[in-house]
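Enquirer: What follows is a structure written as structure tokens; I'll ask about it next.
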Amino acid sequence: MQLTAWATLAILGVYFWTGVMAGWARVKYKVPAPSMDGPLPFQSAQRVQANTLEQLPLVLAPLWLCGHFLGDAWAAAGGLLWCVGRILYALGYYRDPARREAGFVIGMVACGALVVASATGLLLRLA
């Protein structure tokens, strides 16, 4: 499960990066804590970080289930696809919130694939 562990670290790295970007935006746009209101670039950075946090359970649980029941490489591939999607989501959102969709879709496809792969692994164990 080494690949799954590396994918987990990559996922946490993406989340850490979004948190740093949100903090940087807070400083750059002089938005004092705990305020969540500010210019659009600040709001975008905050939403990216919050949305990424909201996605963590949707990727981490099926990532490890898939790794255990179907295979390490399958899980890691899904986790890394999620990372690519979330990075594209963030970069699109930072430029223009309307440009976040492709990254969002890629991330959700990765989550869905991990859930399906987990269920497939479980079903194969029943056989």
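Enquirer: So what's the projected area for the stretch 50-92, the Cα convex hull averaged over all directions, in nm²? Before the final figure, lay out each step's value.
Expert: Numbers: hull surface 10.9 nm².
Its average projected convex-hull area is 2.7 nm².
Enquirer: In deg cm²/dmol and to the nearest 500, what is the mean residue ellipticity at 222 nm of the chain if only DSSP H runs of at least 4 residues count, each as -39500 (n - 2.57), divided by the residue total? Display every interim value, and only then the final one.
Expert: Details: 4 runs with 107 residues, N = 127.
After summing the helix terms and dividing by residue count, I get -30000 deg cm²/dmol.
Enquirer: Calculated FRET efficiency, Val27 and Val109, Cβ-Cβ r, R0 22 Å, to nearest 0.05?
Expert: The formula returns an efficiency of 0.05 here.
Enquirer: I need two numbers for the stretch 2-126: Rg to one decimal and Dmax as a whole number, Cα atoms only, in Å.
Expert: Computed over the Cα atoms of the stretch 2-126, radius of gyration and Dmax are 16.1, 57 Å.
Enquirer: In the chain, which whole DSSP H runs stretch at least 24 Å along their own axis (Cα) and average 1.6 or higher on the Kyte-Doolittle scale? If you can, show how the numbers build up before the last one.
Expert: Values: long enough: 2-28 (38 Å, 0.85); 40-69 (43 Å, 0.41); 72-95 (35 Å, 0.65); 101-126 (37 Å, 1.75).
Result, helices passing both filters: 101-126.
Enquirer: Express in nm, to one decimal, how much length is gained between Ala61 and Met1 on full extension, taking 0.36 nm for each residue of separation and deducting their alpha carbon distance. Let's see the in-between values first.
Expert: On the way: separation 60, 0.36 × 60 = 21.60 nm, distance 1.41 nm.
Difference between extended and current length: 20.2 nm.
Enquirer: Can you tell me the FRET efficiency between Leu91 and Val116 if r is taken as the Cβ-Cβ distance and R0 is 35 Å, rounded to the nearest 0.05?
Expert: Details: r = 27 Å, r/R0 = 0.78.
It comes to 0.80.
No value in this document is a laboratory result; all are computed from the given coordinates. Not measured: the values here are computed from a predicted model. Quick reminder, even Gly has a Cβ in these numbers, built from the backbone with ideal geometry, and neighbours come from all protein chains shown.
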